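The values are calculated or read from the model by the stated rules, or taken from the named source; none is laboratory data. Predicted, not measured: the structure shown is a model, and the values here were computed from it. Please note: Cβ atoms are built from the backbone with ideal geometry, for glycine as well, and neighbour counts cover all protein chains shown.
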Amino acid sequence: MFSFIHDISIWLEAVLTAISSNFWLSLLFIFLVCIGEAVFILGLLVPSLPILLLTGGLIAQGALPFWPIFFAAAIGAIIGDAISYSVGYLLKDRIKLVWPFNKNVALIEQGERFFARHGGKAIFIGRFITGVKAVIPGVAGMMGMSYRHFTVINVISAFVWAAVHILPGVLLTGWLKSIGLSLELVIIVGAIVLTVLFLLIHFWKRILLAIAPFLGSFGRSLTTRLSKPGAETPH
């Protein structure tokens, strides 16, 4: 597994390093990657996480400027989600009969359940969940979410998403260099950091309930508060 990640890291680093010598080509590449990763179902095939982590590493090394790349990533993500929303809005339930979407009906139905549970928050949350992020914007269109409401959440979440995926690469590169490790480890360490961050945010209630028994009276009070009728139960 690690040898595979190593090979992918070396290949991506070589591609991005070569591209980074041309500012406009770098900008276009990141823009297209961020559109592609958000397109309904097809986004599953685009490895945006390792690309953006390594891009952050190149930014830290001075090979690329931060702000143009950041805005290219965010705007690409906005456009990609808007395309997905439009596809879902136009096709509605017929999308489950159209190739290639009919090959991923189970994933679409998972997205429908996720959207039904979280409502508009699903657009924001879903952008950070591998797999689900490729269907949530389309599902929002399928289920008739207003375009205005969708766009507000889409724009805000896109800028947060771009920062969360690029900045770890920037910060990790300096740290890895200081301890004599290579840029390729940015992908592994960055992926671990982002996974832990997601788990803390998404499952915070479950985590609090798990550690509550070790917190004495405060833990008992916390358990009572989180278990009140009407409080969202952890899932």
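Go through (1) at pLDDT 85 or above; (2) buried (at least 17 other Cβ atoms within 10 Å of the Cβ) and name the single condition residue 24 misses.
(2)
Would it be correct to say that residue 138 is in contact with a helix residue (DSSP H, G or I) (Cβ under 7 Å, 6 or more places away or on another chain), exposed (fewer than 15 other Cβ atoms within 10 Å of the Cβ) and either touching a residue at least 40 places away in the same chain (Cβ under 8 Å) or acidic (Asp, Glu) (or both)?
Spelling it out, it is not the case that residue 138 is in contact with a helix residue (DSSP H, G or I) (Cβ under 7 Å, 6 or more places away or on another chain), exposed (fewer than 15 other Cβ atoms within 10 Å of the Cβ) and either touching a residue at least 40 places away in the same chain (Cβ under 8 Å) or acidic (Asp, Glu) (or both).
Hand me the list of helices (runs of 4 or more DSSP H) wholly inside segment 107-195 holding 3 or more residues that are assigned by TED's automatic domain parsing to the domain that holds residue 44 and either hydroxyl-bearing (Ser, Thr, Tyr) or modelled with pLDDT under 85 (or both).
Passing ranges, in order: 147-178.
Go through (1) more than 19 Å from residue 154 (Cα to Cα); (2) part of a helix (DSSP H, G or I) for residue 80 and report which single condition fails.
Looking at each condition in turn, residue 80 falls short on (1).
Would you call residue 71 surrounded by 15 or more Cβ atoms within 10 Å (Cβ to Cβ) and of a type in the set (Phe, Trp, Tyr)?
The answer is yes for residue 71.
Which one of 124, 159, 115, 128 is of a type in the set (Phe, Trp, Tyr) and closer than 21 Å to residue 91 by Cβ?
None of the others qualify; the one that does is 115.
Could you check, for segment 119-126, whether at least one of its residues is over 14 Å from the mean Cα position of the chain (by Cα), more than 14 Å from residue 79 (Cα to Cα) and of a type in the set (Gly, Ala, Ser)?
yes
State the number of residues belonging to segment 12-27 that are in contact (Cβ under 8 Å) with a residue 40 or more places away in the chain and aliphatic (A, V, I, L, M).
Residues in segment 12-27 being in contact (Cβ under 8 Å) with a residue 40 or more places away in the chain and aliphatic (A, V, I, L, M): 3 in total.
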